[in-house]
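The structure appears right after this line, and notes come after that.
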Amino acid sequence: MSFDREVIQITLLSLQVSGIATTASLLLGLPFGTWLALGDFRGRSFILSIINTGMALPPVVVGLVVAMSLWRSGPLGDLRLIYTPWAIVLAQTIIAAPVVTGLTAAALESLDPRLQQQLLGLGASRIQMILHLWREARLPLLAALMAGFGSVISEVGASMMVGGNIRGQTRVLTTAIVLETSKGEFERALALSALLLILTYLINLALTWIQQRGVKR
Amino acid sequence: MKKFALLFLLLLASCSEAVPENAVILVSTTSTQDSGLLDVLLPAFTLQTGYQVNLIATGSGQALKIAEQGNADIVLLHSPQAELKFMQEGFGLERRPVMHNDFVIVGPSMDPASIRAQPTALAAFEEIFASASTFVSRGDESGTHVKELSLWDQADLDPAGKDWYLETGQGQGATLSIASEKQGYALTDRGTFLAYRSNVDLVILFEGDPILLNVYHVITVNPEKWPHVNLMGAQAFADFVTSSEGQQIIREYGVEEYGQPLFIPFVGSESP
């Protein structure tokens with residue numbers, strides 16, 4: 001398969017959409033997960049169980065609900081977002097946010113609880129304490145980020161339903177693979193799959209490198 | 001750990017049920033499934049012959065590839081050129097016409113390109129092109145997509161890459177939904193449109209040109225290429241859909257719900 005313009009455009013769109021969605025899910029999931037891990041309030045286990053279920057949220061279900069909301073006849077129809085890249089970003093954020101939240105909470109809960117007391121005892125403010133905990137848990141936190149990115153770069157159900165797989169506008173790598181398969185162009189489909197895997201690998205390689213930097217052996 | 005192993009074995013066991021002897025694998029287009037015809041036709045066939053039908057509904061391009069690789073026993077399609085190639089290459093044993101319907105051009109009732117008034121389908125396409133009105137294409141090499149491309153081609157127009165020309169790469173139903181949201185034109189088979197009409201904000205704007213005829217053929221897969229195909233079942237299916245009983249079901253399907261048949265049975269007509 002030639003590395004034509006269209007493949008490059010599809011690849012860049014995939015990276016953009018999933019990158020924005022992952023960043024948004026990090027902005028939501030990191031504070032929320034921290035709050036869940038450190039908080040001590042009634043219903044905490046219940047919320048955690050909901051979040052943990054959300055980590056297994058099927059992309060097609062998210063796609064269906066987001067699509068129905070964004071249709072012109074739906075409650076958010078006036079935003080005119082359906083079948084645009086932003087619709088995919090929205091759906092993917094909903095898919096990735098519980099993953100980041102749940103794994104953030106798990107990462108912070110696995111720290112020694114005495115660390116919090118110690119930090120506060122040393123006169124750290126609450127913000128300083130949280131920043132320190134994040135740094136302490138950076139390995140599992142980056143793993144949370146990778147898991148969030150992995151869950152959206154690889155999903156196809158939601159992208160297909162809310163994006164519409166429109167050529168040049170909302171076609172991403174996974175929906176292009178489905179299309180090439182449905183056309184019987186298995187070689188092109190395989191080539192795009194290889195491209196997707198290589199990209200995912202490179203991004204995870206970079207994140208792993210950041211993660212492992214400064215780890216003492 | 002033991003419990004997990006047991007659970008895993010149970011899961012494995014529940015998946016291992018093989019395809020039964022009396023199953024026929026039918027590969028067909030999304031349009032026959034989306035229109036709902038197969039939901040009526042297949043149970044009647046099973047009732048009469050005892051064969052179960054495993055249906056794979058997909059675009060015509062993939063449908064023929066699936067059959068070429070021996071993964072289907074019988075094919076029900078509407079992509080004449082691709083079917084003839086399939087026959088020539090020896091993958092098909094027998095090809096019989098089953099039914100036809102027609103393609104229609106649908107779009108927003110405002111009809112920005114004024115195609116209602118056009119005398120021919122090609123003139124309608126020319127108006128859409130000239131006015132740069134949104135047109136939503138299947139873009140998936142399905143029978144409908146191949147038909148649409150041949151219409152552009154015959155009109156000597158090339159819409160590829162134009163910003164008003166959207167290619168969805170999806171089935172007919174999804175493409176109609178997108179056309180409705182974008183308020184664009186689309187070429188669709190009448191059956192699928194009638195089945196989707198109540199869910200989309202589109203109307204039929206152009207119809208009736210003989211160029212828009214859409215013929216469905218049934219093809220049995222050649223056992224010389226793939227000895228394991230279920231030829232008996234495939235022939236039973238081909239016989240059933242072309243029998244007077246099968247043709248009667250086709251003739252009546254949709255009349256009650258849509259006030260007109262979605263497909264016209266082919267008995268007595270010649271293969272085009």
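Structure above, values below:
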| quantity | calculated |
| --- | --- |
| Full-extension gain in nm, B:Leu7 to B:Leu157, via 0.36 nm per residue minus C-alpha separation | 48.0 nm |
| Cα-centred dipole magnitude for the protein assembly as shown, charges only on beta-carbon of K, R (+1) and D, E (-1), debye, nearest 20 | 2780 |
| Cα-based radius of gyration of segment A:16-171 once divided by 2.2 N^0.38 Å, which approximates compact folds | 1.19 |
| Angstrom value of the Kirkwood radius, inverse mean 1/r, which spans all Cα pairs in segment B:198-272 | 15.3 |
| DSSP-defined antiparallel bridges as percent of all bridges, the protein assembly as shown, nearest 5 | 60 |
| Dipole of the protein assembly as shown [Lys/Arg +1, Asp/Glu -1 at C-beta], most positive-end residue of B:Ala132, A:Ala37, A:Pro98 | A:Ala37 |
| Top positive-direction residue, dipole computed over the protein assembly as shown with Cβ charges, set B:Gly259, A:His132, B:Leu205 | A:His132 |
| 222 nm mean residue ellipticity, helices alone, for the protein assembly as shown (DSSP H n ≥ 4; -39,500 (n - 2.57); rounded to 500) | -17500 deg cm²/dmol |
| Dipole magnitude (debye, nearest 20) for segment B:47-178, charges at Cβ of Lys, Arg, Asp, Glu | 340 |
| Hull-based mean projected area of segment B:102-212, where the convex hull spans the alpha carbons, in square nanometres | 5.8 |
| 13 Å tail of the calculated P(r), segment B:135-179, as % of Cα pairs | 52 |
| Candidates B:Glu257, B:Glu167, B:Glu245, ranked by Gaussian network fluctuation over chain B, Cα under 10 Å, top entry | B:Glu257 |
| Along principal axes, Cα extents of chain B, largest first, whole Å | 65, 57, 40 |
| Distance cut-off 34 Å, percentage of C-alpha pairs in the protein assembly as shown lying past it | 48 |
| Sequence-distant lysines (8 or more away, or on other chains) whose Cα lies within less than 24 Å of B:Lys147 | A:Lys183, B:Lys65, B:Lys85, B:Lys162, B:Lys182 |
| Of A:Val152, B:Pro108, B:Met87, farthest towards positive along the dipole that unit charges on Lys, Arg, Asp, Glu beta carbons give the protein assembly as shown | A:Val152 |
| Distance between segment A:59-75 and segment B:102-132 - C-alpha centres, whole angstrom | 30 |
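Coordinate-derived values only; no laboratory data. Here the structure is a predicted model, which is why all the values come from computation and not from measurement. Every residue, glycine as well, gets a Cβ built from its backbone with ideal geometry; the counts of neighbours run over all protein chains shown.
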